[in-house]
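**Q** Take this structure first; my questions come after.
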Amino acid sequence: MNRFARILRNRRLLYLLLCSPIIFVFTPYIQINTEFRADPAKYLLEYVGLASTYIFAIVISVTPLRRIFPKSTVVNSLAYHRRPMGVSVFAYAFLHFLIYYFYTGSWSEFVKDWEKLFILSGIMAFVILLLMAITSNNRMVRKLGSRHWKRLHQLAYIVLFLIIYHQAAQEKTGFRETALIFTPVLALQCWRMILAGKASFTTRNASANQPKLD
Amino acid sequence: MNIRKSKPWNLPESAATPEGDYLNRRNFLRAVGLGSGTLIGGSITRAATGGFPSTKNENYLLEELEPTEFDLVAGYNNFYEFSYEKGEVQKLANQGWKTEPWTIEIAGHVNNPMKIDVNELIKKVGGIEQRVYRFRCVEAWSMVIPWDGFQLSSLIDLAQPTSKAKFLKFTTFYDPESAPGQKGGSIDWPYEEGLTVEEARNELTLLATGIYGEPIPNQNGAPIRLVVPWKYGFKSIKSIVKIEFTSKQPMNTWQALQPREYGFYANVNPKVDHPRWSQATERIIGSGFFSKRKDTLMFNGYEEQVAHMYKGLDLRRFY
């Protein structure tokens, strides 16, 4: 493995990068920011929500990227780090849920919004992410069996649509930011399905292409 | 005519902190490289609107509430003409956008239509006064703001509306070169708002030309804006260029944009939720991360002065 690949595989570097959004909050850049000072709960709510979304967008794009760029060092290191990245999606979602409690200010206010679809979609996504985070270790893979474990983690695609809805619904007008993040993600998923379709087409017709042996 | 007498508690202008000192007191932050993009160290353009210093109206001191810090009032703005980001508006609105001289057109069903300079208008209505009002945004946050201005009813008296006039339609400026947000986006510029004549004549309705005893900063809607404190903030249209007296209810911009969420009346009402969030409580701007929300008051606490206008009106239907 070359030097570059070795750096990319460094777990400590990954953890540092994954924690950097939190460290950044305590820098003057954020602390002086007017939007932060005006309504810190709202600002941080959106901030950690975005952190979760961005990491999620990367994690869910790993498989399609591997199909398209199977030899890329960067893509392969993303695949190598997929598990801790996935857990950090949950960690930021958990922070987001926690800050949401402070944003609403009280338990009664906290639960009042749960009947609204916009909030409900977030809660459903959170529950799935929780299940996936708990089972993100080798012991659970053995316990569930790899087939069931894989099924469970395919719920990530449900999370994808829940989050697209949840993020689009929170914007006041239109859904610019959501489109910006998720159009490439969805494009990659489509590409991967097309590639998979082509591959299965080839194997299905492989026998037909064999010379007939009399 | 509004004869202004100097009250003993009214400080002379010479006692005020010189504006240069006021802006430079945070120079050290600029030295550290944190000046740009924030109010601290940034410059504010103000139109030289007349009538200052204003006198406080004792009926509207609202002493039980603490006014929101000036930096937040002038730095946390919904002004989509400049940016969708509340923190970006202050910078963009002060990059050369001229808010003086400024002419307002008064038109429609009136006996006395006019095109008048803002400072002339202030002289004609007899000067300005300061009132402290609650301000409640539809996004469920609120501020307490000392506005300087005059009652809209004074302007209505000047204009002499005919019996055909049932509504007032307000229009904001249109200048995409100065206001980049107007170059596109989902809004059909310029921004428009409306009130019934009765609402416009209400004692609370103000045309504001200043905040905190000084001419209003650009990002707050210089040089003249509406303040309707018992309604959600989007009704308080900024930077007015035209007031038209109409017989038909005007279509206000937010209702045209999202009719299921924003209506014409937009009265503050804790019992009628926004489709996506509750309106029963509000976050107080500047109160910090751990602060509890405040219970939203019916008509934003102005029930006594405005409830009579809506007797018999189904406020759930007419949101």
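Residue-by-condition table, conditions (1) assigned to a loop (DSSP other than H, G, I, E, B); (2) more than 13 Å from every other protein chain (Cβ to nearest Cβ):
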{"site": "B:242", "(1), (2)": "no, yes"}
{"site": "B:245", "(1), (2)": "no, yes"}
{"site": "B:264", "(1), (2)": "yes, yes"}
{"site": "B:278", "(1), (2)": "yes, no"}
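**Q** Ok, one more. Cβ-Cβ below 6 Å, separation at least six or inter-chain, first residue in the stretch A:39-57 and of a type in the set (Val, Ile, Thr), second at pLDDT 95 or above: which pairs?
**A** Cβ pairs passing all conditions: A:48/A:92; A:48/A:95; A:48/A:96; A:55/A:85; A:55/A:88; A:55/A:89.
**Q** Criterion first (out of contact with any strand residue (DSSP E or B) (no Cβ under 8 Å at 6 or more places or on another chain) and more than 30 Å from residue A:122 (Cβ to Cβ)) does residue B:308 satisfy it?
**A** Numbers: out of contact with any strand residue (DSSP E or B) (no Cβ under 8 Å at 6 or more places or on another chain): yes; more than 30 Å from residue A:122 (Cβ to Cβ): yes.
Against the criterion (out of contact with any strand residue (DSSP E or B) (no Cβ under 8 Å at 6 or more places or on another chain) and more than 30 Å from residue A:122 (Cβ to Cβ)), residue B:308 qualifies.
**Q** While we're on this one: Of the conditions (1) surrounded by fewer than 16 Cβ atoms within 10 Å (Cβ to Cβ); (2) away from every other protein chain (no Cβ under 14 Å); (3) hydrophobic (A, V, I, L, M, F, W, C); (4) in contact with a Leu (Cβ under 7 Å, 6 or more places away or on another chain), residue A:130 clears all except one; give me its number.
**A** Unmet for residue A:130, out of (1) surrounded by fewer than 16 Cβ atoms within 10 Å (Cβ to Cβ); (2) away from every other protein chain (no Cβ under 14 Å); (3) hydrophobic (A, V, I, L, M, F, W, C); (4) in contact with a Leu (Cβ under 7 Å, 6 or more places away or on another chain): (4).
Per-residue answers, yes or no, for (1) touching a Cys at 6+ places or on another chain (Cβ under 8 Å); (2) surrounded by fewer than 18 Cβ atoms within 10 Å (Cβ to Cβ); (3) under 28 Å from residue B:74 (Cβ atoms):
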| position | (1), (2), (3) |
| --- | --- |
| A:13 | no, yes, no |
| A:18 | no, no, no |
| A:28 | no, yes, yes |
| A:32 | no, no, yes |
| A:39 | no, no, yes |
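**Q** Take the residues in the stretch B:165-188 that are at pLDDT 95 or above and over 21 Å from the mean Cα position of the chain (by Cα); name whichever of them is nearest to residue B:249 (Cα to Cα).
**A** B:166
**Q** Now, a different point. Identify all residues within the stretch A:101-119 that are within 17 Å of residue A:50 (Cβ to Cβ) and surrounded by fewer than 19 Cβ atoms within 10 Å (Cβ to Cβ); write none if there are none.
**A** A:118
**Q** Where the second residue is outside any helix (DSSP H, G or I) and among the aromatic types (Phe, Trp, Tyr) and the first is within 27 Å of residue B:261 (Cα to Cα) and lies in the stretch A:166-189, which pairs have Cβ atoms under 7 Å and are six or more apart or on separate chains?
**A** That search, which allows pairs on different chains as well, returns A:168/A:175.
Rundown of residues vs (1) within 14 Å of chain A (Cβ to nearest Cβ); (2) aliphatic (A, V, I, L, M), yes/no style:
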{"position": "B:162", "(1), (2)": "no, no"}
{"position": "B:176", "(1), (2)": "no, no"}
{"position": "B:187", "(1), (2)": "yes, yes"}
{"position": "B:200", "(1), (2)": "no, yes"}
{"position": "B:203", "(1), (2)": "no, no"}
{"position": "B:223", "(1), (2)": "no, no"}
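**Q** Going through B:249, B:255, B:305 one at a time, which residue ends up being in a helix (DSSP H, G or I) and within 29 Å of residue B:175 (Cβ to Cβ)?
**A** After ruling out the rest, the residue left standing is B:255.
**Q** Filter the helices (runs of 4 or more DSSP H) completely within the stretch A:1-94 down to those with at least 2 residues that are within 14 Å of another protein chain (Cβ to nearest Cβ) and more than 21 Å from the chain's Cα centre (by Cα).
**A** Values: elements: A:3-8, A:11-25, A:28-31, A:34-38, A:40-68, A:73-80.
Here the list reads A:28-31, A:34-38, A:40-68.
**Q** In the stretch B:178-196, what residues are crowded, with 16+ Cβ neighbours inside 10 Å and assigned to a helix (DSSP H, G or I)?
**A** B:181, B:182
**Q** Of the residues B:299, B:234, only one is part of a helix (DSSP H, G or I) and within 11 Å of chain A (Cβ to nearest Cβ); which?
**A** After applying the criteria, what remains is B:234.
**Q** Let me ask something else about it. Need the failing condition index for residue A:138 against (1) at pLDDT below 90; (2) farther than 12 Å from residue A:166 by Cβ, just the number.
**A** That leaves (1) as the condition not met.
**Q** Given the structure, is residue B:191 of a type in the set (Ser, Thr, Tyr), more than 11 Å from the chain's Cα centre (by Cα) and within 14 Å of another protein chain (Cβ to nearest Cβ)? Give the steps one after another, and end with the answer.
**A** Details: of a type in the set (Ser, Thr, Tyr): yes; more than 11 Å from the chain's Cα centre (by Cα): yes; within 14 Å of another protein chain (Cβ to nearest Cβ): yes.
Here the answer is yes, as residue B:191 does meet what is asked.
The values are calculated or read from the model by the stated rules, or taken from the named source; none is laboratory data. Note that the coordinates shown come from a computational prediction; the quantities given were computed from them, not determined experimentally. Neighbour counts run over all protein chains shown; Cβ positions are idealised from the backbone, glycine included.
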